1. At a 1.4 Å probe radius, which order do Phe149, Phe220 fall into by accessible area, largest first?
2. How much solvent-accessible surface does Lys45 expose, in Å² to the nearest 10, with a 1.4 Å probe and all protein chains in place?
3. To the nearest 10 Å², what's Tyr116's accessible area with a 1.4 Å probe?
4. Under a 10 Å cutoff between Cα atoms, tell me which one of Gly157, Gly230, Gly78 has the largest fluctuation in the Gaussian network model of the chain.
5. Quick check: net charge around Ser92, other residues with Cβ under 15 Å of its Cβ, Lys/Arg +1 and Asp/Glu -1?
6. When ligands, DNA and RNA are left out and all protein chains stay put, how many square angstrom of accessible area per residue does the chain have with a 1.4 Å probe?
7. Tell me, what ³J(HN,Hα) does each residue in region 163-174 have, in order and in whole Hz, if you take phi through Karplus 6.51 cos²θ - 1.76 cosθ + 1.60 with θ = phi - 60° and put x for Gly and Pro?
8. If you roll a 1.4 Å probe over the chain with all protein chains in place, what percent of the accessible area is carbon or sulfur?
Amino acid sequence: VSRSSTIFLEEMNNGIFNISGKNLFKVRESPADTVFTSYVLESQKKLNPIHLVPKILEYDDRYRHLKIQFDINELETGTYNLVATDASGLKSMLDKKNEITVKFKKRFDFDVSGGYTCPVILYDNTINEYLGSKIWPLSLAARMSFIPFKESFGYFGLGFTGSYTRMAASFAGYDIEGNLITGHVLAVYQIPIRKRIKNSAHTRHIMTLELHGGAGITAFSELKFLFPHGIESPVLNSTNLSVLAGGAVQLYLSNRLYSEVALDYISAFISDMAFG
């Protein structure tokens, strides 16, 4: 698309390159051929290097120009060299002239979201028994993710999510009130969904699918009984290790603004109750 040796994975690319040089002969078609050149795209990665043989689309009669094509889906981010090898085994030098770079325009993403959440207690009847409900709608949540690792098959990063829930109930002769607080450090995996812009080779980021999971805390804070005449019970403050697993869908309203729906499951390790 950019008519250069750089491929941006945010763009729609057909993988076609126009190569100039010398002795760009046809590939070997039979054992009897004595004049030929083979072509391969080699990654510069030391671990698990990639070797891709291109499809030859067009030769030049003077063997000075060549049109080749690669499957873009096979190209990971990184730097490659197009290596030509003649019949004697002599290879072209690895330099900037035959270098191809595959990358993203944005090196990393930083996502921030905040909004409404509604915790639903899935198991352990303790809260329901004392406070009379499993659903607590007076709640807020926030999440942020830092995504520094981008590959053609998805994005990887780290994140943090937290929530605050107010828990209160009134009964004959007494009230109960307190807070439920959660916070977790996450490993994040994202799959961006792009749509081609009409009459353009560029794309627009329309959606992101995300999976995340990690460990953190689930805490009960200032949970207490309130009786008439200003009498209060001792408060319960309990901080417990917990794990979280969940997913999210981010619908992009513009390049920098998205609306998100997420679903998280939390399991807390509490000595005298099972809490999810």
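1. Details: Phe149 135, Phe220 15 Å².
Accessible-area ranking of Phe149, Phe220, largest first: Phe149, Phe220.
2. About 80 Å², rounded to the nearest 10.
3. Here the accessible area works out near 150 Å².
4. The residue with the greatest mean-square fluctuation here is Gly230.
5. Numbers: positive: Lys22, Arg64, Lys91, Lys96, Lys97; negative: Glu42, Asp86, Asp95, Glu99.
Counting the neighbours of Ser92, the net charge comes to +1.
6. Details: 16930 Å² over 276 residues.
Heavy-atom accessible area per residue stands at 61 Å².
7. For region 163-174, the Karplus-derived couplings read 9, 10, 10, 8, 10, 8, 8, 10, 9, 5, x, 6 Hz, x marking Gly and Pro.
8. Numbers: 9870 of 16930 Å².
That share works out to 58 percent.
The values are calculated or read from the model by the stated rules, or taken from the named source; none is laboratory data. Everything numeric here is computed off the predicted structure, so don't read it as measured data. Positions of Cβ are generated from backbone atoms using ideal geometry, with glycine treated the same way; all protein chains shown enter the neighbour counts. To get the accessible areas, we keep the full protein, side chains included, count just its heavy atoms, and leave off ligands, DNA and RNA. Shrake-Rupley method; radii C 1.70, N 1.55, O 1.52, S 1.80 Å.
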